[in-house]
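J.: Here it is: the structure, laid out below.
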Amino acid sequence: MPPLTAARPLTPVETVTEILHSVPVSDPYRWLENQNSPQTREWIREQTRYARAYLGSIPGRERIRQRIREFLAVESHDSVQKVANRYIFRKRLPNQEQPSIYMREAPDGEDQLLVDPAAFRKGVHTAVKPLRMSRDGRFLLYEIKQGGERSGTFAVLDIDNRKMQPDILPRGYLRGFAFAADGKSFLYVHEPLELKRPLYRAAYRHLFGTGFDEDEEIFCAGEDSNTRLGLIADAKRVGFLVHRLGEKAQTNFYLKPFESNTAPELIVADAEYSFVPTLAKDRLLALTDRSAPNLRIVELRLRPPTEPKWVDVVPEVHARIQQWLVSGDHILVCYVCAGETQLLAFDLEGKQVGEIEIPEDETVRLVRTLPQSDEVFLERESFTKPISVWRYSPTTGQLILWSERRAPLDGTHVTHTVVTYEAKDGASIPMYLVGRRNVLASGCHPAILTSYGGYGVPMTPQFSVFVAFLVERGCLFALPQIRGGSDFGSAWYEAAKRRKRQTAYDDFLAAAEWLIRTGRTKPNRLAIFGGSNSGLLAGVVMTQRPDLFRAVVCMVPMLDMLRYHLFDDAGLWRDEFGTADDPEDFTALRQYSPYHNVHKGLAYPAVMFVSGDADQNCNPMHARKMTARLQAATTSEHPVILDYSEFRGHSPVLPLSERINALTDRLAFLCDQIQLST
């Protein structure tokens, strides 16, 4: 391990103390919430110098970088969709910084370049993504992003003439979009970043070639910060989803003919349940948890003026529905239970007509498609195989490989097994163990541990370059299926939701203790990592049991759980976490909020925080404040560093060279801390 030649930065303390529900809460680094102040910018520069001094001194960095380049600098495909006989997709050529948008006129046709982000001449942080095609395949809506911003700019390409239309929606958030069948207009719900009335929620019709100030307003949901408006459509109808976000979220759904000025009809009113509709084949289908915690697919049969009749199409089962879509006369439904993925095909009456066989060690995801499409695209991956894209016809049952990303990992020497361990409350928790065969067979080894524990996200086999590199070098990878996910249905999710969040953290800590107790690793060779909600998980367990871990990589996290809801749109996650505004939520949040549970005089693990200015999901103030607090508190000599970029956000759109550099830094950090050869 190289010595830390640079002194740990000293961050000024400017304590703000508040009384929340009769409890004094002190915040010594509140000033770091101001991202653009000169003081914060200088602090970021100083932290970057400190981090670079350490990371740059780790031996073997170039060997790591070269290996990561071999994994990442390969051809890749994603975002495939089909309309008529046209296939639109993103493709990145080997060593290309950003993927471009391409088209094929047939499944095996020539790849025709449509949109190259380099042509915008705004630098390597410009990224593009296809979103939607018109029903005749002539127009393509695509998004342009700068760095990892959540917002984007939205442009329309006339594919036939290879000409960008002048009708560009400026930087903001696109909540709904539909091309009109006449090819002369489109409907949209858009929230620009710069708007005179930023809280005004409305849908508009825009005629190509006219100014947006001439657009016709076709629906208004009001002017309120707690309201969100969405739009869906088929060739004949347009639907409006109005979400009102308060202590109890409610949804209204309206429906009207596409080419009509008649007033929309209220179909669903004040729904306090999940309601995700799709318009297909003159029917209104929806995914809902109404009377079905594991979700079901229903048809709403309209009976004006009375309420619609709810008819089960795909009833609830013991496994939770993870994804669904309509393709022609079929509904595809993806379930996950105990780590295994099941993909079933139903007709529109709900009769099962097929099943796609998925190996037990693979994960499959449905790629969104228009309901009228007769083909569906699937993404498949495993611990040892990167994502491959497949074409599936629900009508014929044919499954055909579209593309596969090749990785230089010798899967014959890497395998996995599933073990179970006992949680704090006695529950039995499954856990994947992945590694070289000799590592899984016996012995004590360096280990890396992660999970998610929230939003009902199940833990299934997925490929990670980060993990593959570590496993190649003899590291044991552990992935427990902790509660908070929906690995065993909605009850597994609800067991660690909101005020019961500590259950997920206890499950994760029990996994670490099991790895140590069974002799598979030691605390000084055990590392954890996570991003977003998983970054919160890493922050919590690191502050609750710093003795268990040697190193932590905590990426784009939330860490100040008493103030998270005050930034960006994080208040939308009230149902998942609760907020400090509620006294009972406050008590639960205060007990585990990582930022508020750092204590001076403790020896904390080595920690690498990863964040950036462009993160509008998990505001970068979390990583900034936590870095300062941990640096001031820890008595260990282990590094606490912040890897920060003005371009990094929650969207995975960094250019290839920066992705290689970022992974090199994280892996060099871990190899140094848990003593892995490079």
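Computed from the coordinates by the stated procedures, all read-outs in this text should not be read as laboratory data. Because the structure is predicted, anything quoted here is derived from the model rather than measured. Backbone-built Cβ (ideal geometry, glycine too); neighbour counts: all protein chains shown.
J.: Can you tell me the Rg and the Dmax, both Å, for the Cα atoms in region 5-53?
T.: Taking only Cα atoms of region 5-53, I get Rg and Dmax of 14.0, 45 Å.
J.: List the residues whose amide H sits under 5 Å from the amide H of Gly137, counting only those 5 or more places along or on another chain, with H placed 1.01 Å from N in the peptide plane.
T.: none
J.: Over the chain, what is the relative contact order in whole percent, taking alpha-carbon pairs under 8 Å and six or more residues apart? It would help to have the intermediate numbers written out before the result.
T.: Working: 1606 pairs, mean separation 75.5, N = 678.
The value is 11 percent.
J.: Still on this structure, I have one more. Take every DSSP beta bridge with both residues inside the chain and express the antiparallel ones as a percent of the total, to the nearest 5. Kindly include the intermediate steps, with their values, before the conclusion.
T.: Working: 136 of 161 bridges.
That works out to approximately 85 percent antiparallel.
J.: Can I ask one more? Find, among the trypsin sites (Lys or Arg not before Pro) in region 154-259, those assigned to loop by DSSP (not H, G, I, E, B) with at most 15 other beta-carbon atoms within 10 angstrom.
T.: Arg162, Lys184, Lys196, Lys236, Lys248
J.: What shape does region 559-630 take by its C-alpha gyration tensor, where a ≥ b ≥ c are the square roots of the eigenvalues and a/c under 1.5 counts as rounded, a/b above b/c as prolate, and the rest as oblate? Let's see the in-between values first.
T.: Numbers: a/c = 2.81, a/b = 1.22, b/c = 2.29.
Oblate is the answer for region 559-630, as a/c is 1.5 or above yet b/c matches or exceeds a/b.
J.: Further question: Rank Gln502, Met626, Ala423 by how far each Cα sits towards the positive end of the charge dipole of the chain (+1 on Lys, Arg Cβ; -1 on Asp, Glu Cβ) and give me just the farthest.
T.: Met626
J.: Can I ask one more? Shape of region 520-678 from its Cα gyration tensor (a ≥ b ≥ c, root eigenvalues): rounded if a/c is under 1.5, otherwise prolate when a/b > b/c, or oblate? Each step should come with its number before you reach the end.
T.: Numbers: a/c = 2.05, a/b = 1.21, b/c = 1.70.
Oblate is the answer for region 520-678, as a/c is 1.5 or above yet b/c matches or exceeds a/b.
J.: I would also like to ask the following. Given N residues in region 238-289, what is Rg(Cα) / (2.2 N^0.38 Å)? Don't skip to the end; give the middle numbers.
T.: On the way: Rg = 11.8 Å, N = 52, 2.2 N^0.38 = 9.9 Å.
Relative to the rule-of-thumb radius for its length, region 238-289 sits at 1.20.
J.: Next up: How big is the gap, in Å, between the Cα center of region 81-154 and the Cα center of region 565-592?
T.: If you average the Cα positions of each part, the centres end up 38 Å apart.
J.: How large is log10 I(q)/I(0) at q = 0.10, 0.17, 0.18 Å⁻¹ when the Debye formula is applied to the Cα atoms of region 273-406, each weighted equally and without solvent?
T.: Ignoring solvent entirely, the Cα scatterers give -0.34, -0.91, -1.01.
J.: Another one. Please arrange Arg86, Arg368 by counting, for each residue, the other beta carbons lying within 10 Å of its beta carbon, fewest first. Write down the numbers at each step before the final one.
T.: Values: Arg86 19, Arg368 14.
Fewest-to-most Cβ neighbours within 10 Å comes out as Arg368, Arg86.
J.: With the crude spin-label approximation of a point 7 Å out along Cα→Cβ, what separation in nm comes out for Glu265 versus Arg49?
T.: According to this spin-label approximation, the distance is 6.9 nm.
J.: How would you rank Tyr595, Tyr604, Tyr200, going from fewest to most other Cβ atoms within 10 Å of each one's own Cβ?
T.: Least crowded to most crowded, the residues run Tyr200, Tyr604, Tyr595.
J.: List, in order, the whole-Hz ³J(HN,Hα) value for each residue of region 426-432 obtained from phi through the Karplus relation with A = 6.51, B = -1.76, C = 1.60 and θ = phi - 60°; use x for Gly and Pro.
T.: These are the phi-based 3J(HN,Hα) values: x, 5, 9, 10, x, 8, 6 Hz.
J.: For a quick check: sort Ile482, Ile88, Ile400, Ile101 by the number of other beta carbons within 10 angstrom, fewest at the front. Please report the intermediate quantities before stating the final value.
T.: Details: Ile482 30, Ile88 24, Ile400 11, Ile101 21.
The fewest-first ordering by Cβ neighbours comes to Ile400, Ile101, Ile88, Ile482.
J.: Continuing with the same structure: For region 136-194, what is the largest minus smallest coordinate of the Cα atoms on each principal axis, given in angstrom and ordered from greatest to least?
T.: Extents along the principal axes: 31, 21, 16 Å.
J.: From the square roots a ≥ b ≥ c of the eigenvalues of the alpha-carbon gyration tensor of region 1-156, which class results: rounded (a/c under 1.5), prolate (a/b over b/c), or oblate? Kindly include the intermediate steps, with their values, before the conclusion.
T.: Values: a/c = 3.30, a/b = 1.73, b/c = 1.90.
Oblate, since a/c reaches 1.5 and b/c is not below a/b.
J.: Now a separate question. Under 8 Å for C-alpha pairs, at least 6 residues apart: give me the relative contact order for region 273-406, rounded to a whole percent. Numbers along the way, then the final one.
T.: Numbers: 307 pairs, mean separation 18.4, N = 134.
It comes to 14 percent, rounded to a whole number.
J.: Helix-only mean residue ellipticity at 222 nm, the chain, DSSP H runs n ≥ 4 weighted -39,500 (n - 2.57), per residue, nearest 500. What is it?
T.: Working: 11 runs with 121 residues, N = 678.
It comes out at -5500 deg cm²/dmol, rounded to the nearest 500.
J.: Now a separate question. For region 23-97, how big is the tail of P(r) above 16 Å, as a whole percent of Cα pairs? Write out the running numbers ahead of the final one.
T.: Working: 2060 of 2775 pairs.
I get 74 percent for the Cα pairs in region 23-97 exceeding 16 Å.
J.: To the nearest µm²/s, what D does Stokes-Einstein give for the chain at 4 °C and 1.567 mPa s, using the Kirkwood radius over alpha carbon pairs as Rh? It would help to have the intermediate numbers written out before the result.
T.: Numbers: Rh = 26.6 Å.
The estimated diffusion coefficient comes to 49 µm²/s.
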